[in-house]
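Take a look at the structure below.
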Amino acid sequence: MKYLARPLQGAQMLFVAFGALVLMPLLTGLDTSVALFTAGFGTLLFQLITKRQIPVFLASSFAFIPPVMYGVQTWGIPATMGGLMAAGCVYLILASVVKLRGSGIIMRLLPPVVVGPVIIIIGLGLAPVAVNMALGKSGDGSQVIVAQDTALFVSLASLLTTIAVAIFAKGLLRLMPILAGIVVGYSLSLYYGIVDFNVVHEAAWLAMPNFVAPEFNWHAIAFMIPVAIAPAVEHIGDILAISNVTGKDYLKKPGLHRTLAGDGVATIAATAFGGPPNTTYSEVTGAVTLTRNFDPRIMTWTAITAILLAFVGKLGALMQTIPVPVMGGIMCLLFGSIAAVGLNSLIKHQVDLSEPRNLSIVGVTLVFGIGGMAFGIGSFSLTGISLCGIVAILMNLLLPNSKPHTSKTVNSVADET
C-alpha cells in the first residue's frame with residue numbers, strides 16, 4: 001500500500017484544485033483537457049527548475065481571466081496565446097532582475113500603490129459579463145441562452161453554495177468552494193433540463209486534447225505584457241505562504257529567481273499548447289497545510305494525474321455541458337474577490353490615499369480601466385489592463401515622493417519578501 005500512497009495523495013490534491021482549474025478555461029473558451037495537460041506539464045517544469053524542493057501545484061491563473069476573455073474575443077485564441085507567451089517572458093525578465101539585484105527590487109518597481117489598482121481593474125473589468133451570464137445571457141448580453149427566472153435561481157444557488165462552503169465548511173471541503181458551487185448548480189440544471197449531453201455522447205473515451213499553436217500579434221502582445229505585473233507580485237505572496245507552512249525559506253533556497261523563472265517557463269509552455277497561463281494554487285497550499293505532508297514528490301503525482309485525465313475525452317466533453325448560469329453565479333464572487341485582493345493590498349500596506357501622489361496614481365488607474373480609456377497611434381492602441389499597468393508604473397516612477405514614510409512603507413514590503 002505504501003507504493004500507492006503518493007499517487008493517491010497526488011490525486012487528492014488534483015481533486016482539491018479541479019474546480020478552479022477547469023473554471024478558467026470554461027469561462028474563457030479554452031479547452032479544459034488542454035488546461036489539465038498544461039497544468040500537469042507546467043508543474044513538472046516548475047519542479048525541474050526549482051529542483052523539486054517546493055510542494056506546490058501550478059494550474060490556470062484567475063488573474064488572467066478578464067484579459068484572456070478580451071483577447072479571445074478580439075484576436076482569437078492563437079494570437080491570445082502568443083500574447084500570453086510574451087507575458088510569461090516577463091517572469092523570466094523579473095527572475096533575471098531578482099538574480100542580479102535581489103528580491104527587494106520587485107517591490108520597489110511594483111509597490112502596492114501600482115499593483116493594487118491594477119488588480120482591482122482585473123477583477124471589475126468584466127463584472128457585466130458575470131452578471132449577464134448569471135442572468136442566462138451570453139457574455140455581451142446579446143443572446144438569451146437560458147430563461148432568466150431559471151438562470152437566476154441556478155446562478156444564485158451556485159453563488160450561495162460557493163460562499164457557504166468557503167465560510168462554513170471544515171477540512172478539505174472548505175478548500176473546494178468552486179467545485180461545490182459547480183456541483184450544486186449543475187444538479188439544479190439537470191432538474192430544470194438545461195444540460196445538453198449530446199457532446200458527451202459524441203465524444204470518445206480516449207482523445208487527444210485540442211492543442212492550439214500560438215500566433216504572434218503585436219496588439220495582443222502589447223496588451224498582455226503588462227497583465228503579468230499583478231500575478232508576478234502575487235507569486236511572491238504564494239511562495240511566502242508555502243514557506244510559512246513548511247517552515248522553509250523558499251525565497252532563499254531554491255530562490256525567488258528560480259520560482260519566478262519556473263512560473264514563467266510553465267506559463268510559456270502552457271500557452272504554447274493553447275492552455276491557460278499557470279500560477280501556484282493556494283487551494284493546494286491549503287491542502288498541504290491540512291495534511292501536513294510537505295513532500296514535493298506528491299505534486300509530481302498530482303501533475304501526472306492531470307496529464308492522464310487530459311486524454312479522457314468524455315471528461316473534457318462533460319465539462320463543456322456546464323450551463324452558463326452556473327458559471328455566471330460563481331463569476332460574481334470570483335471577479336469581486338479578485339478586486340478585493342487589490343483593495344486589500346492597498347489597505348494591508350497602508351497606502352495613504354490622502355497623499356496627492358498616491359491618490360493620483362490610484363485614481364487615474366481606476367478611471368482609465370473602468371472608463372475604457374484608449375491611447376493609440378494608427379492601428380496600434382493600448383486599452384484596458386495593459387494601459388492601466390503602464391500608466392500606473394510610469395506615474396509611480398515619475399511622480400516624486402512627497403512624504404518620507406511612503407518609501408519606508410515600500411521598503412518594509414520589500415524586506416518582507
Open item on the list: What whole-number distance in Å separates the alpha-carbon centres of region 101-129 and region 327-397?
Closed with: 7 Å
Open item on the list: Let me check against my output: what whole-number percent is the relative contact order of region 1-398, with C-alpha pairs under 8 Å and at least 6 apart?
Closed with: 36 percent
Open item on the list: I want to verify a result. In a Gaussian network model of the chain, Cα cutoff 10 Å, which of these has the top mean-square fluctuation: V56, V90, V146?
Closed with: V146
Task: Efficiency of FRET from Cβ geometry, L399 and D196, R₀ 60 Å, rounded to 0.05 - done: 0.65
- [ ] Work from the charge dipole of region 1-398 (Cβ charges, +1 for Lys and Arg, -1 for Asp and Glu, about the Cα centre) and give the residue of L124, A203, I167 farthest towards its positive end.
- [x] I167
TODO: With a length cut of 20 Å (Cα positions projected on each helix's long axis) and a Kyte-Doolittle mean of at least -0.5, go through the chain and give me the DSSP H helices that pass.
DONE: 2-28, 32-49, 77-101, 148-168, 177-192, 229-246, 256-272, 324-348, 356-371, 384-398
Open item on the list: Between W205 and I145, how high is the FRET efficiency from 1/(1 + (r/R0)^6) when r is the Cβ-Cβ distance and R₀ = 35 Å? Nearest 0.05.
Closed with: 0.75
- [ ] Under a cut-off of 17 Å between alpha-carbon atoms, report the aspartates and glutamates in cross-link reach of K314, not counting same-chain residues fewer than 8 places apart.
- [x] D31, D196, E202
Open item on the list: I'd like the Karplus ³J(HN,Hα) series for region 137-144: coefficients 6.51, -1.76, 1.60, θ = phi - 60°, whole numbers in Hz, and an x wherever there's a Gly or Pro.
Closed with: 9, 5, x, 8, x, 7, 10, 8
- [ ] Name the long-range amide H neighbours of G102: under 5 Å, sequence gap of 5 or more, or other chain; modelled H, no Pro or chain starts.
- [x] none
Open item on the list: Taking 0.36 nm per residue of sequence separation and subtracting the Cα-Cα distance, how much length would be gained by fully extending the chain between N344 and I105, in nm to one decimal?
Closed with: 83.9 nm
Task: Amide H within-cut-off set for L58, under 5 Å, with H built and near neighbours excluded - done: T43
- [ ] Evaluate the relative contact order of region 1-113 (contact order divided by residue number), counting alpha-carbon pairs under 8 angstrom at least 6 apart; express in whole percent.
- [x] 19 percent
- [ ] Go through 330-342, 151-163 and give me the packing order, highest mean Cβ count within 10 Å leading.
- [x] 151-163, 330-342
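Where a number appears in this text, it was derived from the coordinates with a stated rule and is not lab data. The structure presented is a predicted model; accordingly, all values stated were derived computationally and were not measured. All Cβ positions, glycine included, derive from the backbone under ideal geometry; neighbour counts span all protein chains shown.
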